[in-house]
Structure formats: C-alpha cells, structure tokens
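Enquirer: One structure follows; several queries about it will come next.
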Amino acid sequence: MSVANATGSFVETTAPTQSLFERVQAQIARAARAIELAPDVHAILDKPMSRIAVNFPVRMDDGRVRTFTGYRVQHNNALGPFKGGIRYHPAVSMDEVSALAAWMTLKCALVDIPFGGGKGGVQVDPSTLSQSELQRMTRRFVYALGPNLGPTYDVPAPDVNTDARTMAWIADTYAATLPPHERHRAMSVVTGKPVSAGGSPSRAKATGQGVVELIALWARDKACPMEDMTYTVQGFGKVGSWAARILKDKGARLVAVQDHTGSIRDPRGIDADALGEHVQRHGGVAGFPAADAIDRDAFFETPADVFIPAALEDQITERVAARLNVRLVAEGANGPTTPQGDAALQHRGIDVLPDILCNAGGVVVSYFEWRQNTTNDVPDPKRDDAQLREILARAYERVAAASHGFGLDWRSAAYAAALQRLETVYLDRGIFP
C-alpha cells in the first residue's frame, strides 16, 4: 500500500527493515569489502563526525511562540568543508539527515571536488507558515546553529522546500553574527543564492543538467540516440523539471510524469516547458490539459527508455521495480531506491545511474559558486557548463572502471570509487595523533 506524503511523493506504508542511515552503512560496507578498504578508514566513515540537534523558538504572526526542531549532521571533512543542503519537511529526522550527509561525503569524493559531506533540516511543513514566519524560522535556525556554520567549515545549500531566497536569509543572518569588518565573508557561507546576492547563474538548473549529462553518457555507451529517447519523470520540481526541459532541447520525448497531485501520460510527448508553467500556476501536474490522467501503477508501467525519479527517498520499492518498463533508472533524487528495489532492478537487467553520481551536478556547481565567492571571481556560465561536463564525465569513467575492475553493480562501483578517493587522503596524511 502507498500513500502521498506532505510534498506529495509516494511512499510505501510498510515499515523498512533498516533505517536510512543503516542502509548507507550497509552500502559502504559492501563496497569496502570489495576494494579491501583499510579498516581504520572504514571505521571513520561509518559514523558522522558531528550530529547537532537544536530546539529554537519562533514568534508566529498571531503573537504566540512555537518551538521547532532542527538538525545539522557533519559526516566527514577530509576533502574540505562540510557541504550539503537544508530541507524543510515534516519527516526530517536525525536518521534521514545522517544518511544524506554520508551520501554527500561520497558524492563529493566521487566527483573529486574539495568538499566533505553535511546535511541539515527543520522538522516542519513549510506550507503551513507565512513568508514572514518562514523567514523568522530560517533566521532563528541559523542563529541556533551558531559557529557550526562557516564559509571554510560548513556550507549549506537548498534542498527540499528551500530555495535561493532561503539561502539569502541564511547568508544575511550569518553576516549579522560577524564583526563588521568580516561580514564580506558571509556571502560564501551558503550556495544556491540569488544571482543578485552572489549566486551562480548556473545553479538553478545544475542538478537537472547533471542528470542529463549522465544520461547522455549512458546513451552513448548503449547506442541509444538522444533524439530517439523516451523518458518518464517522478517529481516535477527543481530537479525533474530542469532535466525534462534540457532533455526536450536534445530531442528526447517526455511520455509520463508523476507528482503529489497525480500522474499524467501522453505517448506522443508532453511539452516540458508548458507543463512547467502549469505546475507553477496550479501547484502540480494534475489537470494538465495536454495529457491524460492515469493511476500510479500505469505511470510506472509506461514504456520508456529512461525513468528519472526526482522526488524523495524510498520511491522504487520491490513492487515498483517489478512494474518499471524502462532500460535505465537515472536517480535524480537521493536514495530513491530501496535495497529490495535495487535487487529487483538488477535481477531484471535494468541499468541504474546511482544517486551519488547522477545528481552530483548540483554540488559541483555549488563548488563553482563557492569558489566564485571566496575568490571574488566573476560568474561565467559557459565555463561552468564546460567544467561540469568534464567533471561528470571523469566521474562516470571512474565508476565504469570500478564496475569492470571489481565486478560490481554501478551503485557499489560508485561507492567503491568514492571510498578509494577518501582512503588515499587518509593514508597519505595519517590520522592524528
């Protein structure tokens, strides 16, 4: 049985056999065995370096005070400052944020950028707050985290239900905690800011663009021309909508979409730009006049070359994997596939571009923005696009080499390549004391 959660992503009601962070630990352990990772390095990566929980008061518009719970997990900073988004969602928990922080460590290592892994969030349904309440909550959360954030220590970014405006509030609040002569440093405390506040013009599309770049590499290897490709998307937010628009420009055909409002399909093709405008006006894909409404199972059973899950975790269960009628799952979301779903996909011979590879475009362009802010550089979208393509292509080849060399599925191979990068750092520099 499935239900829609607060953001509308479908989740199974059956309780998982392991927590999300336990799943990450198991995935790391599997890859560690395959590459014979140094036990000391494995022990370090098995637990976050810091787990921070804060309870903080916020005055509501009606004058009453409400207390919120927020989290920031700092998993590892061997390669550079902790890096990872902040999400606002009722289901935010220490376990979820710990898993997401660990995935960020591996993602940054895999694409070889100088960041570690972190993640944060507030347990809240943001749709129940006014804009002024949301701003006060954000600012109070940053104040509660205090010295746990910093441009060379821990650098947040947008995630589920947060955006460029949220990042501007964070940067402004952080600046207010600094002496006047140091406030210029505040700009680089977050990425994903508005362009007017030091953000990158490339950031909004970056994760979706990265998904498309990885799909294009897979299509090259599988002799699947992009102009002949069909695809489906789950979630039509920041990642899914951008991926669909960029794929449209490459000639691929969008045939089905699902979000919290329902599922739609048109085998002749759905215009991603028109659908994006509809979602902006109506809050979801339901009611889009140029496609037919279908049920959830029919969405997953839609024939296509590629399925892009771009919602939340645990969407591709064993049941869903058995219904998919695609050649490739390109994971735009973090952790969209359960272990049972993963096994089913492998059994059926469906390829997977795993999340720590497939959705890494966002953090790569976040690095470009952070570099731009810390060096007072001028943004250059063409340079960013070219560098993003090169970085993702190198990461794709690393995963392909690890898969071939160790005889691993692509998810385990991605973990293996990331762990090798981290192991090199620890073995080279040693462990204090």
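Read the figures in this text as sums done on the coordinates, not as results from a lab. In this text, all values refer to a predicted model and were calculated from it rather than measured experimentally. Here the Cβ is made from the backbone with ideal geometry for all residues, glycine too, and neighbour counts use every protein chain on show.
Enquirer: Sequence gap of 8 or more, or different chains, plus Cα separation below 15 Å: how many lysine pairs satisfy both in the chain?
Expert: For the chain, qualifying lysine pairs total 10.
Enquirer: Mean Kyte-Doolittle hydropathy of -0.5 or higher plus an axial Cα length of 27 Å or more: which whole DSSP H helices in the chain meet both?
Expert: Details: long enough: 203-221 (28 Å, 0.10); 381-406 (37 Å, -0.65); 410-429 (29 Å, -0.22).
The qualifying helices are 203-221, 410-429.
Enquirer: Here is a follow-up. Using 0.36 nm per residue of separation minus the Cα-Cα distance, give me the extension gain between ASN55 and ARG33 in nm, one decimal.
Expert: Values: separation 22, 0.36 × 22 = 7.92 nm, distance 3.92 nm.
Gain on extension, ASN55 to ARG33, equals 4.0 nm.
Enquirer: Sticking with this one: Just need the relative contact order of the range 43-117 here, percent rounded to a whole number, with Cα pairs under 8 Å and 6+ apart.
Expert: Normalised by residue count, the contact order of the range 43-117 is 31 percent.
Enquirer: Return the single residue from PHE368, PHE288, PHE307 with maximal mean-square fluctuation; model: Gaussian network over the chain, springs between Cα atoms under 10 Å.
Expert: PHE288
Enquirer: Can you tell me which of 92-101, 202-211, 273-282 comes out highest on packing, and rank the rest after it, using the mean Cβ neighbours within 10 Å?
Expert: Details: 92-101: 23.4, 202-211: 25.9, 273-282: 14.7.
Output ranking for 92-101, 202-211, 273-282: 202-211, 92-101, 273-282.
Enquirer: Another question, if that's okay. Give the Debye-formula value of log10 I(q)/I(0) at each listed q (0.12, 0.19, 0.22, 0.26 Å⁻¹), with one equal scatterer per alpha carbon of the range 318-396, two decimals each.
Expert: Debye curve over Cα of the range 318-396, log10 I(q)/I(0) at q = 0.12, 0.19, 0.22, 0.26 Å⁻¹: -0.47, -0.81, -0.96, -1.17.
Enquirer: By counting other Cβ atoms within 10 Å of each Cβ, how are ASP40, ASP159 ranked from fewest to most? Display every interim value, and only then the final one.
Expert: Details: ASP40 12, ASP159 23.
Final ranking by Cβ density, sparse to dense: ASP40, ASP159.
Enquirer: I would also like to ask the following. Take every DSSP beta bridge whose two residues both sit in the chain, then give the antiparallel share in percent to the nearest 5. Present the calculation step by step, with values, prior to reporting the outcome.
Expert: Working: 27 of 51 bridges.
Just about 55 percent of them are antiparallel.
Enquirer: Taking 2.2 N^0.38 Å as the expected size of a compact globular protein, what ratio does the Cα radius of gyration of the range 48-200 give against it, to two decimals? Can you show the working numbers first?
Expert: Working: Rg = 14.7 Å, N = 153, 2.2 N^0.38 = 14.9 Å.
The value comes to 0.99.
Enquirer: Work out the charge dipole of the chain with +1 on the Cβ of Lys and Arg and -1 on the Cβ of Asp and Glu about the Cα centre, then indicate which of VAL425, LEU408, ILE170 is farthest towards its positive end.
Expert: Ranked along the dipole, the leading option is ILE170.
Enquirer: About its Cα centre, how strong a charge dipole does the chain have in debye, to the nearest 20, once Lys and Arg get +1 and Asp and Glu get -1 at the Cβ?
Expert: It works out to roughly 840 debye.
Enquirer: Right, next: Among ALA204, LEU37, HIS278, which residue has its Cα positioned farthest towards the positive end of the charge dipole of the chain, with +1 placed on the Cβ of Lys and Arg, -1 on the Cβ of Asp and Glu, and the dipole taken about the Cα centre?
Expert: It is ALA204.
Enquirer: What number, in percent, do you get for the relative contact order of the range 348-433 if the mean sequence gap of Cα pairs under 8 Å and at least 6 apart is divided by its residue count? It would help to have the intermediate numbers written out before the result.
Expert: Details: 41 pairs, mean separation 25.5, N = 86.
Contact order relative to length: 30 percent.
Enquirer: Using Cα-Cα distances under 8 Å and only pairs 6 or more residues apart, what relative contact order does the range 150-202 have, in percent? Don't jump to the answer; show the numbers that get you there.
Expert: Working: 64 pairs, mean separation 22.9, N = 53.
Computed value for the range 150-202: 43 percent relative contact order.
Enquirer: Let me ask another. Out of residues 5 or more away from ASP259 or on other chains, whose amide H comes under 5 Å of its own, with H placed 1.01 Å from N in the peptide plane?
Expert: Those qualifying (amide H under 5 Å, at least 5 residues apart or on another chain) are GLY235, VAL285.
Enquirer: Right, something else. Grab the DSSP H runs of the chain that are 4 residues or longer, score each as -39,500 (n - 2.57), total them, divide by all residues and round the 222 nm result to the nearest 500 deg cm²/dmol. Numbers along the way, then the final one.
Expert: Working: 15 runs with 197 residues, N = 433.
Roughly -14500 deg cm²/dmol at 222 nm, from the helical runs in the chain.
Enquirer: Kirkwood hydrodynamic radius for the range 205-358: how many Å is it when counted over pairs of different Cα atoms?
Expert: Evaluated over the range 205-358, this radius sits at 15.0 Å.
Enquirer: Further question: Let me know the charge dipole size of the range 48-200 about its Cα centre in debye, to the nearest 20, where only the beta-carbon of Lys, Arg (+1) and Asp, Glu (-1) is charged.
Expert: Numbers: 16 positive and 12 negative charges, 50 e Å.
With only Lys, Arg, Asp and Glu charged at Cβ, the dipole is about 240 debye.
Enquirer: Between TYR153 and MET226, what's the calculated FRET efficiency when r is the beta-carbon distance and R0 is 56 Å? Round to 0.05.
Expert: Values: r = 41 Å, r/R0 = 0.73.
In this case the efficiency is close to 0.85.
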